[in-house]
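Nothing in this text is a laboratory measurement; each read-out follows from the coordinates by a stated rule. All figures in this text were calculated on a predicted structure; none of them were measured in a lab. Virtual Cβ from ideal backbone geometry, glycine too; neighbours counted across all protein chains shown.
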Amino acid sequence: EPEVTQTPSHQVTQMGQEVILRCVPISNHLYFYWYRQILGQKVEFLVSFYNNEISEKSEIFDDQFSVERPDGSNFTLKIRSTKLEDSAMYFCASSSRVNTEAFFGQGTRLTVV
Amino acid sequence: KNEVEQSPQNLTAQEGEFITINCSYSVGISALHWLQQHPGGGIVSLFMLSSGKKKHGRLIATINIQEKHSSLHITASHPRDSAVYICSISNFGNEKLTFGTGTRLTIIP
């Protein structure tokens, strides 16, 4: 069964460092998303991506964040200068069309120290 | 802004019990999703529904659009059903999901 894969599963980084979280969405999907979940809190939307551009972003997704689909298969989330409060589980998701079932990756646990 | 409320926040039950988790939301939606989050953190989609009722194995999801309410039922619950169950919604013309806080279900053998 096709699945969304995320790497790495866990990343520890120093405050102020750049991190890139990687995702391989399901191959025929067209809509891609990043969500995050701070420990003990609910899942929050960060950004959606369609047709090689951001279609919507939340207030959380400030200038420190960027997304890219560099090669037609990977979908990456970059945090330019990490802060302690960026520590969270980051989920990538993809769907074939708007308002259809979203498939989630297993998540990347980011710890900023 | 559409808020999503779930109840209960925590639920502990004996194996075999019938489980109900509730979800309510504040404005009209295009679809409601029930998700399962395992202890390791991964999220799995269980149901997506916009009306009526869906069934998959021992899981049943219902939605009442007029009352803006959905329920997830588990029949003959089993310890392997222990997880966090999350209700989320999508709005018309908007791709993102808005999540509830989740219900932590623990099934005791």
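Pairs of Cα atoms nearer than 8 Å and 6+ residues apart set the relative contact order; for chain B it is 37 percent. Label-to-label distance for A:SER27 and B:SER7 is 4.8 nm, based on points extended 7 Å past Cα in the beta-carbon direction.
The modelled label-to-label distance for the pair B:ILE108/A:GLU85, using points 7 Å beyond Cα in the direction of Cβ, is 4.0 nm. This model, with +1 at the C-beta of Lys and Arg and -1 at the C-beta of Asp and Glu, gives the range B:1-96 a dipole about its Cα centre of some 260 debye. Here the Karplus relation 6.51 cos²θ - 1.76 cosθ + 1.60, evaluated at θ = phi - 60°, turns the backbone of the range A:44-49 into coupling constants of 10, 6, 9, 7, 10, 9 Hz, with x for every Gly and Pro.
Dipole magnitude for the range A:62-113: about 100 debye, using +1 per Lys or Arg Cβ and -1 per Asp or Glu Cβ, origin at the Cα centre. For the range A:20-53, the residues whose amide N sits under 20 Å from a probe point set 7 Å from the Cα of B:LYS54 along the beta carbon direction are A:26-33, A:43. The charge dipole of the protein assembly as shown, taken about its Cα centre with unit charges on the Cβ atoms of Lys, Arg (+1), Asp and Glu (-1) only, comes to about 340 debye.
Going from the fewest other Cβ atoms within 10 Å to the most, the residues B:HIS69, B:HIS38 appear in the order B:HIS38, B:HIS69. Comparing Cα centroids, the range A:1-68 and the range B:51-68 end up 30 angstrom apart. If you look at the Cα atoms of the range A:39-108, you get an Rg and a Dmax of 12.6, 35 Å.
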